[in-house]
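Worksheet for the structure shown next.
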Amino acid sequence: MIAPTPTIQHSRPWAALAVLMLPVLLVSVDNTVLSFALPRITEDLQPTGNQLLWIVDIYPLVLAALLIPMGSFGDKIGRRRMLLIGSTGFTVISALVAFSPTAFPLILGRAGMGVFGAMIMPATLSLIRNIFTDPTQRRTAIAIWAAGFSGGAALGPIVGGFLLEHFYWGSVFLMAVPVMLPLLALAPRLIPESRDPNPAPVDRTSVVYIISTMGPLVFAIKRLATSGVDLVVLACIALSIVAGTSFVRRQLGRGNPMLDVRLFTRPTFTGAVLANLLSVFSLVGFLYFVSQHLQLVSGHSPMTAGLMLVPSLVITIIAGLVVVKLAQRFSAAAIVTTGLLLNAAGYLMIALTGAQGSDLGLILASVILGAGIGGAETISNDLILSAVPPEKAGAASAISETAYETGAVLGTAVLGSILNATYRSGVELPGDLPADLADSARETLGNAIRIADEIDGATGGLLAESARHAFDSGVMVTSTIGAILMVAASVMAWRTLR
């Protein structure tokens, strides 16, 4: 009989955590920094509209599809080894895509980054689970990890704005090199190896099932946001349901499954996963419209808009650390529920006052959201990891990461599509605007502002004013729905996490 993995008595756990934060920051920054480089990429590579969508979408699509298989492989071959393989591949491909001559190599490179990114994220969280065995220290480490992940998303606009003001678009990919080199040098010395002593055998059929579940699901969500319900969306959802059902049945029938789906019979585990997903949903949905408002309505530069969100980043970090102490006095259910209610309060503040109010009001709402996300994310991640034995940390981490990525996709797809639909129905176009320009202006606020600047004069002024008013009206509708969803999520968390 194989002995279980011994408890790791690590002499320098916080130094190991500092090294583990490097890939976390890089991968999370990469989720948001690309959007600021798209205008330059469009100018230099001249992609088609479809290619431009794939440049953005292929990375989260591949990442979400592979997180659970890669988490299980990490349990088998070693999480540190998986981290080093993923970090090396991510760095090399990032450097290569920075010099893409056309759109197609960039799309392929982004897909490769998704493959190696899926190796990185479950490995970091599962290593934390095994390095920090004391519950209080583990919660603190997870708080720092969660703050790095959400903070990296907020840093993306700042980093992107700075790089694009001084360098060409490929610099947003080249930044991976200086970030990852210290990890590759220090990880073998500071981070202990850990693995499942009794891993499940490689189950290629299960891997195909999980890829066939997550890939079509994420694709359907993204297509739904842009094209509405069509045959492709329905076919993808049907494939996802069939593959997901087959995956669950296969795991239940195996003695040593790749993923123990019985974990979801535990209300605490399921509630924590859903709280994780919905916290990220609220963050990404908010960032989707606040970044546009600050730039296209208030007229701030990308870098200034990013800096205005720094208070939210700081509060997210502080809240994540504070709840570690609060967890010693209050239940996990109370903390997560309070965090989700703070998310609701942030959205409600915008719904009642309107985004057309002061920028200070939006910043205050982002601070309230930051406090809620910092608290809910930290405790929900800790609940997910503590629900499984240390040797299964990779699979549990992958579930947590999949919830994160799915929440990010849903936040943009659901709230973003509602906002876009409200904008399209509310914008009033000047009668003398040419038909082709009118169709473009009706699609997005960014198109409308660009066209208004190009035509100038009274017509341009009327178009810009109408577009901004329609967008902010959409923000109020979206925020109302976001607040309702977060209240419902808090009820779910209170009922399941007790």
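The values are calculated or read from the model by the stated rules, or taken from the named source; none is laboratory data. Model, not experiment: these values are computed from the prediction. Quick reminder, even Gly has a Cβ in these numbers, built from the backbone with ideal geometry, and neighbours come from all protein chains shown. Each accessible area value is taken on the protein alone, full model and side chains, heavy atoms only, with ligands, DNA and RNA left out. Shrake-Rupley method; radii C 1.70, N 1.55, O 1.52, S 1.80 Å.
Output the residues belonging to segment 273-324 that are within 26 Å of SER386 (Cα to Cα) and not hydrophobic (A, V, I, L, M, F, W, C).
Hits for segment 273-324 are ASN276, SER279, SER282, THR316, GLY320.
Within segment 243-300, can you find the residues that are under 26 Å from ALA344 (Cα atoms), over 15 Å from the mean Cα position of the chain (by Cα) and among the β-branched types (Val, Ile, Thr)?
The answer is THR268, THR270, VAL290, VAL297.
Taking LEU307 as the residue in question, decide whether it is farther than 20 Å from ALA408 by Cα and in contact with a Lys or Arg (Cβ under 9 Å, 6 or more places away or on another chain).
Judged against the criteria, LEU307 is not a match.
Does ASP75 qualify as being at pLDDT below 75, closer than 20 Å to GLU401 by Cα, assigned to a helix (DSSP H, G or I) and not small (Gly, Ala, Ser)?
no
In the set ARG254, ARG262, ARG250, ARG223, which member is of a type outside the set (S, T, N, Q), assigned to a loop (DSSP other than H, G, I, E, B) and either modelled with pLDDT of 90 or more or open to solvent by 40 Å² or more (accessible area, probe 1.4 Å) (or both)?
Checking each option against the conditions leaves just ARG254.
Hey, among the residues in segment 424-450 that are assigned to a helix (DSSP H, G or I), open to solvent by less than 60 Å² (accessible area, probe 1.4 Å) and without any contact (Cβ under 8 Å) to a residue 60 or more places away in the chain, which one's farthest from GLY460 (Cα to Cα)?
Filtering first and then ranking leaves GLY426.
Does PRO188 satisfy the condition of being assigned to a loop (DSSP other than H, G, I, E, B), farther than 30 Å from ALA37 by Cα and of a type outside the set (S, T, N, Q)?
no
Write out, first by first residue and then by second, each pair whose Cβ atoms fall under 6 Å of each other, whose residues are 6+ apart or on separate chains, and whose first residue, in segment 474-498, is over 20 Å from THR337 (Cβ atoms) and hydroxyl-bearing (Ser, Thr, Tyr) while the second is part of a helix (DSSP H, G or I) and open to solvent by 20 Å² or more (accessible area, probe 1.4 Å).
That search, which allows pairs on different chains as well, returns THR478/ILE418.
Specify the residue that is nearest to LEU383 (Cα to Cα); the eligible residues are those in segment 271-283 that are open to solvent by 20 Å² or more (accessible area, probe 1.4 Å) and touching a Leu at 6+ places or on another chain (Cβ under 8 Å).
Taking the candidates together, the pick is LEU277.
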